[in-house]
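Heads up: the structure comes next, in structure tokens.
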Amino acid sequence: MTHRSFTRLAAAGLLAAALTACSSPADRALAPATTDGYDTDPTGFIAAVETSPTIESSCGADVDWDDPPVIDQVVAVGYVQTVWMVGERGGNELVWVCDYLPEEEAPVTAEPMANTGTDQPVGNDYVQRVGNVLGRADIGVPDGAVTAEYAVGDYVVTYPLDDDVRFLRLHAAEDSTTEDQPFVMGTVTFLDADGTDVTPESPEIPDIIHGVPRDRDNGAEVQAED
């Protein structure tokens, strides 16, 4: 199983429930607006990225893993900490993603990556189509990228990257006024060591991603037809 492999999530009922519970437009988008009280520039963040974290986490505690999972990476940007828990379920790799607000032990959102994005490197069209609906988008990091800059509204998050950083979760900045796209996402730019833009183009979102049926309008998982 390679780092770029991904699980075929067969339990569509469980995933649909997770999507409904964790991805509703009424949920908190974990926007940069929650930065009051922090000793950082409120419009700029240098992400703290850990690829061999020593922390313990309850992320994915309710998942029926084949064996105990491991924390793949932890990324904190000041207003939220995101944990990627990786293991196997049913013989396939499963990546479970949790967001934590500072000082809170319980995750504000917790869902399989299949609900909120992909482990593959994708461009900003994909980010917009998924994140404008869900308030967040998970994407893979392209080969050769050493820095990512995510500009969302008046905020800029800079992510130092290395070869062990597998994923990024990008959050919405504020609520939109449109009902079908209730969140506003920003734009991510990946740069290599020479400062060259290596942001990938967005592929067309297929009807089925990793064995899970998707809504072509936003990439979100939908119930499979009988």
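Structure notes:
- Computed about its Cα centre, the charge dipole of region 42-115 is approximately 280 debye, with only Lys, Arg, Asp and Glu carrying charge at their Cβ.
- Three-way shape call for region 102-203 based on the alpha-carbon gyration tensor, with the a/c threshold at 1.5: prolate
- For region 85-99, 3J(HN,Hα) per residue [Karplus equation, 6.51 cos²θ - 1.76 cosθ + 1.60, θ = phi - 60°, Hz, x = Gly/Pro]: 9, 10, x, 10, 9, x, x, 10, 5, 10, 10, 10, 10, 10, 9
- When each of the peptides 137-147, 111-121, 87-97, 56-66 is scored by the mean number of other C-beta atoms lying within 10 Å of its residues, the order from highest to lowest reads 111-121, 137-147, 87-97, 56-66.
- Sequence-distant residues sharing a close amide H with Thr147 (under 5 Å, placed H): Leu161, Leu191
- In a simple Cβ point-charge model (Lys, Arg +1; Asp, Glu -1; nothing else charged), region 81-139 has a dipole of about 240 debye relative to its Cα centre.
- Length released on extending from Asp64 to Thr158, taking residue separation times 0.36 nm less the Cα-Cα span: 30.4 nm
- For region 165-172, 3J(HN,Hα) per residue [Karplus equation, 6.51 cos²θ - 1.76 cosθ + 1.60, θ = phi - 60°, Hz, x = Gly/Pro]: 7, 9, 9, 10, 10, 9, 10, 6
- Close amide H pairs (under 5 Å, H built 1.01 Å from N) link Gln73 with Trp84, residues at least 5 positions away or on another chain.
- Prolate/oblate/rounded call for region 117-161, Cα gyration tensor, a/c under 1.5 rounded: oblate
- Over the C-alpha atoms of region 43-104, the Rg to Rh ratio, Rh being the Kirkwood estimate, stands at 1.02.
Read-outs throughout are calculated quantities, based only on the coordinates presented, and are distinct from any laboratory measurement. What you see is a predicted model, and the numbers here were worked out from it, not measured in a lab. Don't worry about glycine lacking a Cβ; one is built from the backbone with ideal geometry, like all the others, and counts go over all protein chains shown.
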